[in-house]
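Before any comments, here is the structure.
The values are calculated or read from the model by the stated rules, or taken from the named source; none is laboratory data. The model shown is predicted, which means the values in this text are computed figures rather than measured ones. So basically every Cβ, Gly included, is an ideal-geometry build from the backbone, and we count neighbours across all protein chains shown. Surface accessibility is based on the protein's heavy atoms, side chains included, excluding ligands, DNA and RNA. Shrake-Rupley method; radii C 1.70, N 1.55, O 1.52, S 1.80 Å.
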Amino acid sequence: DAKLRLQAVRLLILALGDYHLQNPSVEVCTGYELPHQSTGGEAMFRLLRQNLRDGLPSGDANLDVESARLLAMLGDDDPKAVGAVSSFLTNDSSATSDFHYLAVLSRLPAARSGEQTKQVAQTILGLEKKLAERKERTARNWDLRLTEVVTGLIGRDSRLADELLNHPGFATSSHVGLTAAFPPAKRLQAAVLFKSAVQADNRFAWSGALVDLFGELPAQEGQRLLREQWSNFGLRDKVLSQLSRKPDSLDRVKYLDGLESGRPEIAEICLRALAQLSRDPRPDGLASLVRLLDRLLADPRGQSMRSETLALINRQADQSFAVRE
């Protein structure tokens, strides 16, 4: 009886600690991993995993959801579990359902077949379309949680990153965030791919994630693209973060502007970028530094940054102002 089985599964989940609310490995795994390691009872767990995977699909949506969740918590390493859970990823399934079963798959360590890898990639890239077709709104942290799921999936299946990169529908603005889940070499491939997409479409929607991704490109190549976004005020802090990684005198005025940022960490990286450039005694640059020093006086924690700012003022003005804390 599906209702009785559902109650049994829920009782088992509760007995094993239910949601992992305290320090999960990643936030998305709160509902998909054991809150503490269970010792002993391995024979019972083997029987439980077999019972759960053999019961999928059950024909009852709620029972399927909770049975798959328990399989994820138990980390079932049988390839049949991957096959059973993958069967729920269909053209007709909802984006919410797909997200759940993708999260489950990210916790199952068994090897995937090439067809299953392709199926997972298509499901990930089809989520946005399904949401649009059903006029469903995503939760506020949907993109962050999805990236965590994809990170877990790629950790289980190294071919998945290539499958995503080679998909003709991958290089769109809505998929940029997924590249944070890629290993470094694949992020560079993704950066090249998205660079081509941006250059082919002047209406391509930029984002902070795209700015970070272009930081993977060779310095001159990436910086040229980022400078073109300087007029986009919403991205300035992100752009400055990337440009300051390898300071160039072409960006001196940008770093001076960055000293005015309301985010102390941005002002700090711009200050250090300026310190790596050649001396520039022009009054407007000195004025920006003095204004920064003035603001830092109000921050009891700013002693180190005050010292750096004063040192740069002294260098730029060719003076030795003997200011003490």
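Inspect the range 288-311 for any residue being more than 30 Å from the chain's Cα centre (by Cα), within 29 Å of residue 221 (Cβ to Cβ) and basic (Lys, Arg) and give the result as yes or no. Scanning the range 288-311 turns up no residue that is more than 30 Å from the chain's Cα centre (by Cα), within 29 Å of residue 221 (Cβ to Cβ) and basic (Lys, Arg). Here the condition is being open to solvent by 40 Å² or more (accessible area, probe 1.4 Å) and modelled with pLDDT of 90 or more; of 9, 26, it holds for 26 alone. Where helices (runs of 4 or more DSSP H) sit wholly within the range 1-108, those with at least 1 residues that are under 17 Å from residue 149 (Cα atoms) and in contact with a Ser or Thr (Cβ under 9 Å, 6 or more places away or on another chain) occupy 61-74, 79-86, 95-105. Return the residues of the range 185-222 that are open to solvent by less than 30 Å² (accessible area, probe 1.4 Å), under 24 Å from residue 250 (Cβ atoms), touching a helix residue (DSSP H, G or I) at 6+ places or on another chain (Cβ under 6 Å) and not aromatic (Phe, Trp, Tyr); say none if nothing qualifies. Hits for the range 185-222 are 191, 208, 210, 211, 213, 215, 217, 222. Only residues in the range 252-266 that are touching a residue at least 24 places away in the same chain (Cβ under 8 Å) count as the first member; pair them with residues that are assigned to a helix (DSSP H, G or I) and among the aliphatic types (A, V, I, L, M), Cβ under 6 angstrom, at least 6 apart or cross-chain, and list the lot. Qualifying pairs under 6 Å: 259/267; 259/292; 261/267; 266/240. Against the conditions (1) touching a Leu at 6+ places or on another chain (Cβ under 7 Å); (2) surrounded by fewer than 17 Cβ atoms within 10 Å (Cβ to Cβ), residue 166 satisfies every one except (1). For the range 130-153, the candidate set comprises residues that are among the aliphatic types (A, V, I, L, M) and either part of a helix (DSSP H, G or I) or within 17 Å of residue 24 (Cα to Cα) (or both); within that set, the residue that is most open to solvent (accessible area, probe 1.4 Å) is 144. Residue-level check: of (1) in contact with a helix residue (DSSP H, G or I) (Cβ under 6 Å, 6 or more places away or on another chain); (2) open to solvent by 20 Å² or more (accessible area, probe 1.4 Å); (3) at pLDDT below 95; (4) of a type outside the set (A, V, I, L, M), residue 107 misses just (3). Candidates are the residues of the range 312-325 that are part of a loop (DSSP other than H, G, I, E, B) and of a type in the set (A, V, I, L, M); the one that is farthest from the chain's Cα centre (by Cα) is 322. Entry remark, the range 154-208: residues being part of a helix (DSSP H, G or I), of a type outside the set (Gly, Ala, Ser) and touching a residue at least 40 places away in the same chain (Cβ under 8 Å) number 6 in total.
On the given criteria, is residue 226 farther than 30 Å from residue 192 by Cα, among the hydrophobic types (A, V, I, L, M, F, W, C), in contact with a Phe, Trp or Tyr (Cβ under 7 Å, 6 or more places away or on another chain) and outside any loop (DSSP other than H, G, I, E, B)? For residue 226, the condition - farther than 30 Å from residue 192 by Cα, among the hydrophobic types (A, V, I, L, M, F, W, C), in contact with a Phe, Trp or Tyr (Cβ under 7 Å, 6 or more places away or on another chain) and outside any loop (DSSP other than H, G, I, E, B) - is not met. Exactly one residue out of 68, 2 is touching a residue at least 60 places away in the same chain (Cβ under 8 Å), open to solvent by less than 90 Å² (accessible area, probe 1.4 Å) and either of a type in the set (D, E, K, R) or closer than 29 Å to residue 119 by Cβ (or both), and it is 2.
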